[in-house]
1. Exactly one of these conditions fails for SER93: (1) modelled with pLDDT under 90; (2) open to solvent by less than 10 Å² (accessible area, probe 1.4 Å); (3) closer than 26 Å to LEU193 by Cα. Give me its number.
2. Looking at region 76-108, which of its residues are hydroxyl-bearing (Ser, Thr, Tyr) and over 26 Å from THR238 (Cβ atoms)?
3. If I ask for residues that are in a loop (DSSP other than H, G, I, E, B) and either open to solvent by less than 50 Å² (accessible area, probe 1.4 Å) or more than 28 Å from MET254 (Cα to Cα) (or both), which ones from region 16-48 would you list?
4. Anything in region 1-40 that is touching a strand residue (DSSP E or B) at 6+ places or on another chain (Cβ under 7 Å), at pLDDT 85 or above and under 21 Å from PRO235 (Cβ atoms)? List them, or say none.
5. Output the number of residues of region 49-72 satisfying the condition of being under 19 Å from the mean Cα position of the chain (by Cα) and part of a loop (DSSP other than H, G, I, E, B).
6. Step by step: first the residues of region 172-219, then only those that are in contact with a Ser or Thr (Cβ under 9 Å, 6 or more places away or on another chain) and among the aromatic types (Phe, Trp, Tyr), then the one that is farthest from GLY255 (Cα to Cα). Which residue is that?
Amino acid sequence: MAPPSPNAQRYSPTTTWDSTPLFQFGDMQEIIQNFVRVHVDAPGMEEGAPVFPLGYQYPSLDQLADMIPCILQYLNFSAIIGVGVGAGAYILSRYALTHPDTVEGLVLINIDPNAKGWMDWAAHKLTGLTSSIPEMILGHLFSQEELSGNSELVQKYRNIVTHAPNLENIELYWNSYNNRRDLNFERGGDITLKCPVMLVVGDQAPHEDAVVECNSKLDPTQTSFLKMADSGGQPQLTQPGKLTEAFKYFLQGMGYMASSCMTRLSRSRTASLTSAASIDGNRSRSRTLSQSSESGTLPSGPPGHTMEVSC
């Protein structure tokens, strides 16, 4: 993987919701210094995006995943570590299934790998009759407890979505997400993620059950599951410090940033998972996260690329 470049491309930050605030967190800068970071917005989600014309056929999530190879070719990236939230997590997973050799690892926040069933589809249609698009999106982002509490964060994102100048575009993206296909993950089967994966969800989050089910379908020797306490529906926004440290552990397990100092997660009661590790060729791969894990003495790998896809 190539070293960081001062001319690395960065796409405009989205005006809705994504993992951008996590990468602006102070402790995350150590990671930023070791990787070339690229932020990718879905079409029409970038700041200042014009509204699509009436009748515009928005790409499916599968089609969005098929666009990633063109981005990598343009940037001359041979491999990535992907970070995605919600729809972005789904898109990166779909891409990793078809291009496993170009994905070194994935951090998937609030992923729902399942297509909507008939009951879900009917409930979504009924909800659409009584709720506005902004309210439905907020119900996707935050738990009912968070919405009832109407915290400053909820108020901020309600204002962002409600007054977004590209709300029509957001609705098209929202519809594509709700029409996603099932990823059909199967533990021990051919359809699975073959790279190290860290699944992240907040306790009591709207996506908690979906992420737990996803964890049950992936290879346990390649998958880390982190359910974060007191983080609600958007752990990358409410618990950036804990998530940053978990991300560092994840990268260390892949052979990067071996000298990074860990403190916060080891004191946290966020997760109570068993710790294990194994050697894959000349690289050490992370298996599970543990609140009692210590900094390892893994070989230091060369700086690499990260890609984040916004929800």
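1. Here SER93 meets the rest and fails (1).
2. Within region 76-108, the first condition is being hydroxyl-bearing (Ser, Thr, Tyr), and the residues that meet it are 78, 90, 93, 95, 98, 102.
Answer for region 76-108, where residues must be hydroxyl-bearing (Ser, Thr, Tyr) and over 26 Å from THR238 (Cβ atoms): SER78, TYR95, THR98, THR102.
3. Quick first cut of region 16-48, residues in a loop (DSSP other than H, G, I, E, B) only: 16-19, 24-25, 33-34, 41-45, 47-48.
Answer for region 16-48, where residues must be in a loop (DSSP other than H, G, I, E, B) and either open to solvent by less than 50 Å² (accessible area, probe 1.4 Å) or more than 28 Å from MET254 (Cα to Cα) (or both): THR16, TRP17, ASP18, SER19, ASP41, ALA42, PRO43, GLY44, MET45, GLU47, GLY48.
4. PHE35, ARG37, HIS39, VAL40
5. 2
6. Applying the filter and picking the extreme gives TYR173.
Table: residues versus (1) crowded, with 20+ Cβ neighbours inside 10 Å; (2) assigned to a loop (DSSP other than H, G, I, E, B).
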{"residue": "ASP182", "(1), (2)": "no, yes"}
{"residue": "GLU186", "(1), (2)": "no, yes"}
{"residue": "ILE191", "(1), (2)": "no, yes"}
{"residue": "VAL200", "(1), (2)": "yes, no"}
{"residue": "GLN204", "(1), (2)": "no, yes"}
{"residue": "ASP209", "(1), (2)": "no, no"}
{"residue": "VAL212", "(1), (2)": "no, no"}
{"residue": "PRO220", "(1), (2)": "no, yes"}
{"residue": "SER224", "(1), (2)": "yes, no"}
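Listed here are the residues, each with its yes/no results for (1) at pLDDT below 95; (2) under 25 Å from GLU152 (Cβ atoms).
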site	(1), (2)
ALA205	yes, yes
LYS217	no, no
PRO235	yes, yes
THR238	yes, yes
ALA246	yes, yes
TYR249	yes, no
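The values are calculated or read from the model by the stated rules, or taken from the named source; none is laboratory data. Worth saying up front: this structure is predicted, and the values here are computed from it rather than measured. Reconstructed Cβ throughout: ideal geometry from the backbone, glycine too, with neighbour counts over all protein chains shown. For the accessible areas, the whole protein counts, side chains as well, though only heavy atoms, and no ligand, DNA or RNA atoms are used. Shrake-Rupley method; radii C 1.70, N 1.55, O 1.52, S 1.80 Å.
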